[in-house]
Amino acid sequence: MKMKRIEFNKPIYTYEIDASQHVSNIAYIQWMEICRVKLVDEVGLPIHEMNKKGFVPALVRTEIDYKKPLSMGDEVTVVMWLSELGSSSAKMSFEFYNQQNNIVATGEQVGLFISLESQRPHKLSDHDRKRFEPYLASQ
């Protein structure tokens, strides 16, 4: 079975440009969040449903390596998959491409599912964990 990925593309908007006339690092973090929200929606476990079940996702680490700048007039394609999936955590991998399909950045985030009541890690049920497995790189 082929691994699924989350992917979207969009133009660069003026509010994403910083003083150096390139896309701000904040925009990359926002694009990563869009991917994470798309992922939980696609697996059938959107944030509001997690909330009802008593847990939510939280980030514990973000890393981005910038290779080429994006500027006004560019488009970006963002691709995300899971590189690790634990019982209560996941490592997400990202690639960012320009309209020529050149990689402009890579990134990783580590997320943890947190119990709303205890504020401690929440172990996913086997059923909920299986929902994420199609997006896992190494099964």
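The values are calculated or read from the model by the stated rules, or taken from the named source; none is laboratory data. In this text the structure is predicted, and so the values were computed from the model without any measurement. For neighbour counting, all protein chains shown are included, and Cβ atoms are generated from backbone atoms with ideal geometry for every residue, glycine included. Just so you know, the surface numbers come from the protein's heavy atoms only, side chains and all, with ligands and any DNA or RNA stripped out. Shrake-Rupley method; radii C 1.70, N 1.55, O 1.52, S 1.80 Å.
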Please give the peptides 57-69, 77-89 ranked by average Cβ packing (other Cβ atoms within 10 Å per residue), highest first, as a rough proxy for protection.
-> 77-89, 57-69
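For Cα pairs less than 8 Å apart in space and 6+ apart in sequence, what is the mean separation divided by the residue count of the stretch 30-139, i.e. the relative contact order in percent? Before the final figure, lay out the partial values.
Details: 187 pairs, mean separation 31.2, N = 110.
Reported as a whole number, the value is 28 percent.
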Taking a 1.4 Å probe, which of Phe132, Phe8 shows the most accessible area, and what order do the others take after it?
-> Phe8, Phe132
Leaving ligands, DNA and RNA out of it, work out the accessible area of Lys38 with a 1.4 Å probe and give it in Å² to the nearest 10.
-> 80 Å²
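Of the listed pairs Lys2/Lys67; Lys68/Lys130; Lys4/Lys123; Lys67/Lys130; Lys68/Lys123, which have alpha-carbon separations greater than 32 Å here? Don't jump to the answer; show the numbers that get you there.
Working: Lys2/Lys67 28 Å; Lys68/Lys130 36 Å; Lys4/Lys123 23 Å; Lys67/Lys130 34 Å; Lys68/Lys123 38 Å.
Table pairs above 32 Å Cα-Cα are Lys68/Lys130; Lys67/Lys130; Lys68/Lys123.
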To the nearest 500 deg cm²/dmol, what mean residue ellipticity at 222 nm is calculated for the chain from DSSP H runs of n ≥ 4 alone, each contributing -39,500 (n - 2.57), summed and divided by the residues?
-> -7000 deg cm²/dmol
Tyr97 accessible area, 1.4 Å probe, all protein chains in place, Å² to nearest 10 | 50 Å²
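Among DSSP beta bridges lying fully in the chain, give the percent that are antiparallel, nearest 5.
Working: 36 of 37 bridges.
That works out to approximately 95 percent antiparallel.
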Sequence-distant aspartates and glutamates (8 or more away, or on other chains) whose Cα lies within less than 20 Å of Lys91 | Glu7, Glu33, Asp41, Glu42, Glu63, Asp65, Glu108, Asp126, Asp128, Glu133
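Could you calculate the contour length gain from Ser71 to Asn101, that is, 0.36 nm times the residue separation minus the distance between their Cα atoms, to one decimal place in nm? All intermediate terms of the calculation are to be shown ahead of the outcome.
On the way: separation 30, 0.36 × 30 = 10.80 nm, distance 1.48 nm.
In short, 9.3 nm is gained.
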If R0 is 30 Å, what FRET efficiency do you get for Ile64 and Leu116 from their C-beta distance, rounded to 0.05?
-> 0.55
Can you sort Leu39, Leu112 by 1.4 Å-probe accessible area, starting with the largest?
-> Leu112, Leu39
Work out how much length Glu84 to Ile47 would gain on full extension: take 0.36 nm times their residue separation and subtract the Cα-Cα distance, in nm to one decimal.
-> 11.3 nm
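Calculate the FRET efficiency for Lys123 and Gln21 from the Cβ-Cβ distance with a Förster distance of 41 Å, rounded to the nearest 0.05. List each step's numbers first, then the result.
Numbers: r = 46 Å, r/R0 = 1.12.
Efficiency, from the Cβ-Cβ distance: 0.35.
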Going by a ≥ b ≥ c, the root eigenvalues of the Cα gyration tensor, does the stretch 80-130 fall in the rounded group (a/c under 1.5), the prolate group (a/b larger than b/c) or the oblate group?
-> prolate
Log entry: pair-distance distribution for the chain, C-alpha pairs binned every 5 Å from zero, whole % per bin is 2, 10, 19, 22, 17, 13, 9, 6, 2, 0
